[in-house]
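Following: one structure in C-alpha cells, then a few remarks.
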Amino acid sequence: MTVFGTGILFYVNGTQVTIDDVDLDMTLLQYLRSTGLTGTKLGCGEGGCGACTVMVSTYNVDLGRPTHATANACLYPLYAMDGKHVVTVEGLGSAKHPHPVQQRIALLHGSQCGFCTPGFVMSLYTLLRNNPKPTELDIEECFDGNLCRCTGYRPILDAAKTFASDAWKAGANVGKDGIARAPETESKGCGIEGCCQTKKPFSLPDPARVNGVSEASECAKTSEGCCKGAKGSEGCCKTKDANWANVEKSEAVAKFRAYDATQEPIFPPFLARYVRGETESAEAQRRELHLRATQDDAQCTQVFRPLTLDSLLEIVTEHPTAKLVAGNSEVGVEIKFKRTQFATQVYVGDVPELRTVERCANGVEFGVNITLARFEHELRALSRELPEQSQCYAALLEALRFFAGNQIRNVATVAGNIATASPISDLNPVFLAAGSVLTLVSASGSRQVPISEFFLGYRRTALAPGEILHKVFVPHSRPREIVRAFKQAKRKDDDIAIVTCAMRVRVDDAGRVEEAAYAFGGMAPTTVLAKSVGAASVGSTWGDAALLGQLVAACHAELQLPYTVPGGMAEYRTALACSFVRKFWTLSCAALGSGDIEPQIVSEMEEDERTVSHGQQAYERVSDRAIVGHGVAHVSALQQTTGEARYIDDMPAVGAELHMALVPSAHPHAHVLKVDSAEALAMAGVKCVLTHEDVPGSNIWNIFHDEELLPSRT
C-alpha cells in the first residue's frame, strides 16, 4: 500500500521551506508575495507578460546535476514545488550589493517604472546560469516571454548584451577588476560601441573636423580620447563632437562589477539528496503526495503527486475524472479566468516514465510529458544528426518557433497540447500530417491509436476513463518527402492562431505523388485532415501547374465555414487555408526540383530569419556641469532591479483597511435618475457607498473640465 506524504519541502533563495497545510488553490506567486518577496510581480496573470518570472531549479537524476529554467510564478501551483528550488529577484542581490545583472540594467537605464524589471532580471540571470557565455542572439531570445511597456527594449538589451561572448563586438568586455576593455588580442578600447580602437561597425560623426578645423591635435593635447589622438584623421570616439550617449555609456561600463559564473550559489545539497531518495531516516523523506484542502471554500479539495507510472495509473483508476496537471499553462488559465473547478487534481510532472525519449528504427517515441523546451532541444538534435530523415522534426520546430514564451515552453508539455484537443493547436496538425501514433495506457494495459482517430469532437478525445497519454511516435521522413508547417495569427510571436496547418507530400522518382496529407487547425471543431485535397494529390504529377488549381479548388470546397463560426472571419480563414496550400506547393516544388518555380517567389515565401537587433541613442554634450543632458541612472533603478522598490500592491494590509470598487452603469449613455444603496449596504462587509455628494471640492475633472468624477446628472 502506498504511503503518501501530506506536506511539501522546497527551497526559496537557499532557505528550506516546509509546508504541512498546503493551500491547493494557491500559486507560487501568491505564496512568495505573502512572505514579503514582493519583487516578483503580478501582471497579466496568465503567463504572457513575464513580470512574475522566477528561476526554478530541479535536480535531474538522469543527468546527475541541477537544471535551471524560468517559469511564470503566476501559473505555477504551490503544491508542485516539492523538491524544487525557486530563486527570486531578491535572491540575487540588494541595492547595496547588486548582482552584475541587476547593476548593469540599472546603470544602463534598463528600467523606468520598474514593474517588469524583475522579470527581465530573472530571465537574463537564468540564461547565464545555463550558458555563462551567450551570444547576443541568445540574449535577445531569452526575453521572448517578457514584455516592457514604458522603458523600451534598447537600454535593456544594451545592458544585457554586455554579458555576450561577442559583447558589443568586443568593445565591452569587462575584466575581473570590473573595468571594461577590449580583448587582449586587440588594442585596448574604452568599451563603448563605436570605439575608435576596436574599429566597430558603427556610425559616429567624424570628429576629425569640427567647423572646418582639425581636432586630432586637440585630442592628443588633452588626452581625453582613448586613442590619445593616435588615430589622427580617422577620429577618436571621445572628442567633443562624438555621440555623447556612447561616451557616457563607457563611463557606466567602467563601473560594472565583474561577472564570475563560478561564484553563483550552488544547488542545495540536501535537496539533491532529497530528490535522489538518499536522505537519512531522521531527515525528511521524499514521498508520493496526497494533499487535502483544509479551507472550507477551497475549489481544489485534493491533489495527488505520484512518482511512478504504476502509481499514477492506480490513482486515475480510482479517480477517473481527476484533472491531470503538468505545466498548468492551460488548467491555470481555465481556473483563473473561466472559473472552472477541478476538485481532484493529479500533478504528473515528477513521473520519469512520461519523460523518456526512445529512438526507433523508423522514428522516435517521445514521452508526452516532456516540456516543449526539451522537445525543441531533442528535435534540433535529431535534425542535426538525421538530416535526410528529419522533415517531420523540422516541421515541428517550425510550429514551436513562435509558440508562447520561454517561461511557458519550460513548463508546458506535449501531452497538454494533444490532450486538450484544441482546434487551433500549433502542434497537432503536424502530428496529424506526419502520421503520428499515440500510446495510451491504463491499469489494464496499453494500446496504440493513430492520432487521426484520437480527436472525436470539440475538446473530446479517444481517452477512456482511467486512461492517460503515455507516448507519441513521430516517424522519420523518407526520401523525396517534404513536410512543412504554417501558422497565421494576429501577431508573429506568442499569439493564438487564426489558422494552423501542416502538409506532407511524398513522390516517387518520376515525380508522381505516393502519399499526401493536409492537416488544418482552426477550420473545424477539431484538427482535421482535408481528405479531398489529399485524394486529389495522390497519383498526380507533383509540379504540374494544373494540379495546383485542383488542390486549391478542393481545399476551398472542403473547408467552408458558416458565418456563425466561433472566432468569426469565415471567408478569411478559408482563404488562408487555400493560400497555405499554394505556399506549400511552391516551397515543396522548389525542394523537389519539380515544376517551374521562380527562385524569387520561393525566397519571398520562406520565413525571414530575424537578425540581432540594434538600437542607438544619440545626444550632444550640453555642459560639463549640467545635469540635464547627461545620462544619469534614476535614483530608484537599483531598487527596481533588486526587487526592493515598493509599489502600492506590495504594501501589506493594515488593520481596518477598506477596499473600494467602482460600480458601472448597466446601461450606456443613460441618465442617473436615482441611487438606491440600500441593497448594497445590506451586503456583508460593505461599509459605505460613495456618490457625487461625497466628493470633496469640485466633482469636475479632465483637462477640459467637462467630466464628472462620479455622475450626478439627471
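The values are calculated or read from the model by the stated rules, or taken from the named source; none is laboratory data. Quick caveat, the model's predicted, so the values are computed rather than measured. Quick reminder, even Gly has a Cβ in these numbers, built from the backbone with ideal geometry, and neighbours come from all protein chains shown. Accessible surface areas use protein heavy atoms only, side chains included; no ligands, DNA or RNA. Shrake-Rupley method; radii C 1.70, N 1.55, O 1.52, S 1.80 Å.
Structure values in brief
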quantity: Surface accessible to a 1.4 Å probe, MET683 within the full protein complex, Å²; calculated: 120
quantity: Solution diffusion estimate, µm²/s, Stokes-Einstein, region 1-138, Kirkwood Rh from C-alpha pairs, 37 °C, viscosity 0.692 mPa s; calculated: 206
quantity: Label-point separation, ARG646 to HIS290 (7 Å along Cα→Cβ), nm; calculated: 4.5
quantity: Where THR117, THR317 fall by accessible area, highest first, once all protein chains stay in place (1.4 Å); calculated: THR317, THR117
quantity: Accessible heavy-atom area order of ASP509, ASP493, ASP350, ASP310, highest first, probe of 1.4 Å; calculated: ASP509, ASP310, ASP493, ASP350
quantity: Ellipticity estimate at 222 nm from DSSP helix runs (n ≥ 4, -39,500 (n - 2.57)) divided over the chain, nearest 500; calculated: -7500 deg cm²/dmol
quantity: Residue order for VAL346, VAL275, VAL632 - accessible surface, 1.4 angstrom probe, largest first; calculated: VAL632, VAL275, VAL346
quantity: Loop-exposed trypsin sites (Lys or Arg not before Pro) per DSSP, neighbour cap 10 Cβ within 10 angstrom, longest uninterrupted part of the chain; calculated: 177-337
quantity: Alpha carbon centroid spacing (whole Å) that separates region 366-395 from region 506-539; calculated: 23
quantity: Whether region 290-424 is rounded, prolate or oblate, judged on the alpha carbon gyration tensor where a/c under 1.5 counts as rounded; calculated: prolate
quantity: For region 24-88 and region 650-703, distance of Cα centres in Å; calculated: 36
quantity: Rounded to the nearest 10 Å², the accessible area of THR15 at probe 1.4 Å; calculated: 80
quantity: Contact order relative to length of region 587-714, as percent, for alpha carbon pairs under 8 angstrom and 6 or more apart; calculated: 12
quantity: Reachable aspartates and glutamates, given that their alpha-carbon falls under 19 Å from the alpha-carbon of LYS96 and they are not under 8 places away in the same chain; calculated: ASP177, ASP260, GLU264, GLU644
quantity: DSSP H segments from the chain that extend 27 Å or more along their own axis, Cα-based, with Kyte-Doolittle mean of -0.5 or above; calculated: 570-592
quantity: Estimated FRET transfer efficiency when R0 is 41 angstrom, pair ALA282-GLU609 (beta carbons, to 0.05); calculated: 0.10
quantity: Listed residue pairs exceeding 31 Å between alpha carbons, taken from LYS41/LYS338; LYS255/LYS490; LYS255/LYS492; LYS323/LYS583; LYS133/LYS487; calculated: LYS255/LYS490; LYS255/LYS492; LYS323/LYS583; LYS133/LYS487
quantity: Region 281-366 - charge dipole about Cα centre, Lys and Arg +1 at Cβ, Asp and Glu -1, debye rounded to 20; calculated: 300
